Each structure stands twice: as structure tokens, then as C-alpha cells.
Amino acid sequence: MTLRVFTGRVFVCVLLLSCFVFYAHDCRAEDGPKDILGKYVAALESGDSTLADRYYSEETYKVMEGRRVSVGMMAREAQTIKACGEMLSIKDDAGNLAVVVFPYGPPTCSPYFFLREGRIWRLDFAAMMQVIRFDQSNRWRIDKSVKNPYSFAFETQ
């Protein structure tokens, strides 16, 4: 292989890799939690878990690292979120935490927690796993025995 062909292949690989990174990592500072949840749903629908991972908080990424998620599971999660309907975003006073709820969705539509890392909103599944519980009918509730920084969104419940 000549140097010219090798250099051309390296350029193409770098170009493709950079396109992937920019496509997958399309979180912007102006995106709110509802925007990020929408992008997460689109990533799930793509069937590529590495795209969905880009929306996780650092702590969530550590917790989820190494877990296998099938294309079917991702499609089911995306379909479930979309079926919940209209979203409402509730932010804390400091503007660093948010909860997206589905006020008109069925009781199986659990809330989604978000935190700001830098200037970007990220899904905080690590916190969700600690405080959201489900019954045998898959209806969610907040475990009030666990202290959590997202309780501001559930004070009226």
C-alpha cells in the first residue's frame, strides 16, 4: 500500500468518525430537558445504544457501562415514552436539576430526571434507579424513604 492510499484511508476514517461524534453528540446548551428526552428517544429508535449513551450523565454512564441493551428493548422504551404524550419540565430554583413528567399520560409513565453537567442537560438514570419504584402493574411512585435532590418536583403529590 502506498503512502497516498494509506493517507486517503486515514482521512476517510477520521472524517467518518468526526461525523459520527457530531451527529451523536448533538446536545446544545440551549436544549432543555424536554429537547434532550426527545433526542434520547430518537437515539433509541435508531437502535444504536452508543447514540443513546451520549445523553447520560457521567454517573449514569458509569452505572450503565457494560450493560447490554437489545434493539427491541430500545424500541420498546422509545415507544413507551412517546405514548406518554405531552411533557412538562419542572426545574429546581438553581436551574441545575429538572424533572420531566407526563401530566396527562397513564400512571405507567414515570418521570425522567435531568441534571446540568457543564451547560448541558443530561439524563440522570442513576438517581432515578435509587428513588423511582414500580408496582406489579408497572405504576410508578417515588420512594420517600430515600433522600433525593429531585423531591422539589413531587412536593404536591
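Before moving on, here are some points about what is shown:
- Rough spin-label spacing in nm, given labels placed 7 Å along Cα→Cβ, for VAL69 and SER137: 2.8
- Between VAL146, VAL41, LEU51, the Cα set farthest toward the positive side of the dipole of segment 29-154 (charges on each charged residue's Cβ, about the Cα centre) is that of VAL146.
- Taking every alpha-carbon pair under 8 Å whose residues sit at least 6 apart, segment 29-154 reaches a relative contact order of 25 percent.
- The 3J(HN,Hα) values that the Karplus relation (6.51, -1.76, 1.60; θ = phi - 60°) gives for segment 86-97 are, in residue order, 4, 9, 10, 9, 10, 10, 6, 4, 7, x, 10, 10 Hz. Gly and Pro appear as x.
- Peptides 32-43, 63-74, 99-110, 83-94, ordered by how many other C-beta atoms sit within 10 Å of their residues on average, highest first, read 32-43, 99-110, 83-94, 63-74.
- The aspartates and glutamates within cross-link reach of LYS82, meaning a Cα-to-Cα straight distance under 14 Å and a gap of 8 or more places when in the same chain, are ASP35, GLU45.
- Surrounding net charge for THR108, when Lys and Arg each add one and Asp and Glu each subtract one, Cβ distance under 15 Å: +3
- Over the C-alpha atoms of segment 29-154, the Rg to Rh ratio, Rh being the Kirkwood estimate, stands at 0.93.
- Net charge contributed by nearby residues that have their C-beta within less than 15 Å of SER89 (K/R +1, D/E -1): -2
We did not get these values from a lab; they are worked out from the coordinates using the rules stated. It should be emphasised that the depicted structure is a prediction, and the values quoted were computed from it without experimental measurement. In this analysis, Cβ positions are derived from the backbone assuming ideal geometry, glycine residues included, and neighbour counts consider all displayed protein chains.
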